[in-house]
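Enquirer: Structure incoming, see below.
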Amino acid sequence: MTTPADSGGRPAALPLLRGQKALVTGANSGIGLATAIALGRAGADVVVNYVFGREAAEDVVSKIQSFGVRAFAHEADVSDEGQIVGMFARMMEEFGTIDVLVANAGLQRDAALTDMTVEQWHKVIDVNLTGQFLCAREAAKEFLRRGVVPEVSRSAGKIVCMSSVHQIIPWSGHVNYAASKGGVLMLMQTLAQELGPHGIRVNAVAPGAIRTPINRSAWDTPEAEQELLKLIPYRRVGDPEDIADAVTVLASDLMDYVVGATLYVDGGMTLFPGFATGG
Ligand code: NAD
């Protein structure tokens, strides 16, 4: 099922998710793309959600299928209730159920507070927060209906919310984004509390600075990268695969007793690096 050549130089993954069905939102770029591929490599069948960029989504599907598992691309805007209900209905038809939801889709619309339009505010909250609510709701309905299937997983379902270090680090000029991720923290913890008694695990991964299109200007010149590295004690910018591997393990039974946790995958960005030499 996995070969070293498929793994981009990383150690071949164990089939940690063999026989499981996963859905990744925003899976045709950056972190979502790497995560969808990692879940496929770990043995899951994968729905590759995207909102635009069909060709890129179909490329991800082909890569996942090369591992001998099933995959299909589905266009849906995570902030549109009807489209999300439709996407889950198709997943039930084609895969029969869902075991892992990775609520990853997200975007930024940056502006200083006094320049920020209400459209910029709503867009980010709608995609980053309401989108996670809608997908979690639809996944939970199926987890609750089906319950635990012991041959597949110890839990009745897993939700991994893609958060950010900005769920706890305030971020000037990005109030909509920081508020959305602060909301994701409380969404995740509340769902973990509400769904835990039903055998459903809800957790979050909080990336630091990862090299993807969302934050290109922060790393695409040597000067920008040097500035960014000052914020990262481990002194390297993360790769999408760093997050994908964390999601894969968090969604697997290796982490079965982890509930309501945020796994920071950030090279130490949340360690108050400004205090390393002073304070
Ligand atoms: P990206 O721009 O490469 O990917 C974002 C994905 O979300 C794209 O596929 C995009 O098309 C999709 N998307 C946007 N709006 C959507 C919608 N309405 N419906 C469905 N899909 C939609 O950026 P990324 O860095 O891979 O971001 C993925 C997630 O990781 C986001 O939630 C982001 O907030 C989070 N994150 C990223 C970083 C980083 O440094 N890159 C750090 C912290 C958190």
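Enquirer: Would you please list the contacts, defined by Cβ atoms under 7 Å and residues six or more apart or on different chains, that run from a residue in the range 194-211 that is under 20 Å from LEU228 (Cβ atoms) and of a type outside the set (A, V, I, L, M) to a residue that is open to solvent by less than 10 Å² (accessible area, probe 1.4 Å) and part of a helix (DSSP H, G or I)?
Expert: As it stands, the answer is PRO207/ILE243; GLY208/VAL165, since those pairs meet every condition given.
Enquirer: Does the range 93-113 contain at least one residue that is β-branched (Val, Ile, Thr), within 16 Å of the ligand (Cβ to nearest atom), more than 30 Å from LEU271 (Cβ to Cβ) and open to solvent by 10 Å² or more (accessible area, probe 1.4 Å)?
Expert: The answer is no, given that none of the residues of the range 93-113 is β-branched (Val, Ile, Thr), within 16 Å of the ligand (Cβ to nearest atom), more than 30 Å from LEU271 (Cβ to Cβ) and open to solvent by 10 Å² or more (accessible area, probe 1.4 Å).
Enquirer: Under the condition of being touching a Pro at 6+ places or on another chain (Cβ under 9 Å) and in a helix (DSSP H, G or I), which residue from the range 241-279 is farthest from the ligand (Cβ to nearest atom)?
Expert: For the range 241-279, the residue satisfying everything is PRO273.
Enquirer: Sticking with this one: What single numbered condition from (1) open to solvent by 30 Å² or more (accessible area, probe 1.4 Å); (2) closer than 18 Å to VAL85 by Cβ fails to hold for GLN132?
Expert: With respect to (1) open to solvent by 30 Å² or more (accessible area, probe 1.4 Å); (2) closer than 18 Å to VAL85 by Cβ, GLN132 is out only on (1).
Enquirer: Residues of the range 47-67 being open to solvent by 10 Å² or more (accessible area, probe 1.4 Å) and within 10 Å of the ligand (Cβ to nearest atom), which ones?
Expert: VAL51, PHE52, GLY53, ALA56 - these are the residues of the range 47-67 that are open to solvent by 10 Å² or more (accessible area, probe 1.4 Å) and within 10 Å of the ligand (Cβ to nearest atom).
Enquirer: So which strands (runs of 3 or more DSSP E) stay within the range 14-79 end to end and still have 3 or more residues that are in contact (Cβ under 8 Å) with a residue 24 or more places away in the chain and closer than 23 Å to ALA246 by Cβ?
Expert: Qualifying strands (runs of 3 or more DSSP E): 21-24, 45-50.
Enquirer: Quick check on the range 140-149. Is at least one of its residues of a type in the set (Val, Ile, Thr), buried (at least 17 other Cβ atoms within 10 Å of the Cβ) and touching a residue at least 12 places away in the same chain (Cβ under 8 Å)?
Expert: Step one: filter the range 140-149 for residues of a type in the set (Val, Ile, Thr), giving 148-149.
Then keep just the ones that are buried (at least 17 other Cβ atoms within 10 Å of the Cβ); that gives none.
Checked against the condition, which is being of a type in the set (Val, Ile, Thr), buried (at least 17 other Cβ atoms within 10 Å of the Cβ) and touching a residue at least 12 places away in the same chain (Cβ under 8 Å), the range 140-149 yields no hits at all.
Enquirer: Across the range 156-191, what is the number of residues that are open to solvent by less than 10 Å² (accessible area, probe 1.4 Å) and either in contact with a Lys or Arg (Cβ under 8 Å, 6 or more places away or on another chain) or without any contact (Cβ under 8 Å) to a residue 12 or more places away in the chain (or both)?
Expert: 7
Enquirer: Taking ALA89, is it open to solvent by 10 Å² or more (accessible area, probe 1.4 Å), part of a loop (DSSP other than H, G, I, E, B) and at pLDDT 95 or above?
Expert: Judged against the criteria, ALA89 is not a match.
The values are calculated or read from the model by the stated rules, or taken from the named source; none is laboratory data. Quantities reported herein were computed from a predicted structural model and do not represent experimental measurements. Positions of Cβ are generated from backbone atoms using ideal geometry, with glycine treated the same way; all protein chains shown enter the neighbour counts. Surface accessibility is based on the protein's heavy atoms, side chains included, excluding ligands, DNA and RNA. Shrake-Rupley method; radii C 1.70, N 1.55, O 1.52, S 1.80 Å.
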